[in-house]
Every structure is written in structure tokens, then in C-alpha cells.
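Here is the structure we will look at.
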Amino acid sequence: MRDLSAEARLHLRARSSSNRVAVRFHIVAVYSSLALIAAIVFGAASVRPF
């Protein structure tokens, strides 16, 4: 294995950190969209039951 310089290690750590933030953002976006869909469906069902 080759030795990484301090700058390369810092860049690698920052990239993995930003990758984690992007994954977390996508998870939050998916769950919030599902919650919005559920709120619309339940809201419509309470106003006009099946």
C-alpha cells in the first residue's frame, strides 16, 4: 500500500463526509415526500371518505 500525504487524507475524509451528507439528504427527501403523500391521502379521505 502506498502512503497518502496529509492533504490526500484530508481530501478523502472530506469527500466521504460530503458523501454521507448527500446520502442523509436523499433519505430525508424520500421520507418527507412519502409523508407528504400520506398527508394528502389521509386528508382527502377525511374530507371525502371512500
Problem - Subset of the stretch 6-21 [of a type outside the set (A, V, I, L, M) and open to solvent by less than 70 Å² (accessible area, probe 1.4 Å)] - result: S16, S17, S18
Practice task
Only residues in the stretch 8-30 that are of a type in the set (F, W, Y) count as the first member; pair them with residues that are exposed (fewer than 10 other Cβ atoms within 10 Å of the Cβ), Cβ under 7 angstrom, at least 6 apart or cross-chain, and list the lot.
Solution key: none
Practice task
Would you check if L36 is at pLDDT 80 or above, open to solvent by 60 Å² or more (accessible area, probe 1.4 Å) and under 28 Å from the mean Cα position of the chain (by Cα)?
Solution key: yes
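The values are calculated or read from the model by the stated rules, or taken from the named source; none is laboratory data. All of these numbers come straight from a predicted model, not from anything done at the bench. Using ideal geometry, Cβ is built from the backbone for each residue, glycine included, and neighbour counts are taken over all protein chains shown. Keep in mind that these areas ignore ligands, DNA and RNA; they rest on the heavy atoms of the full protein, side chains included. Shrake-Rupley method; radii C 1.70, N 1.55, O 1.52, S 1.80 Å.
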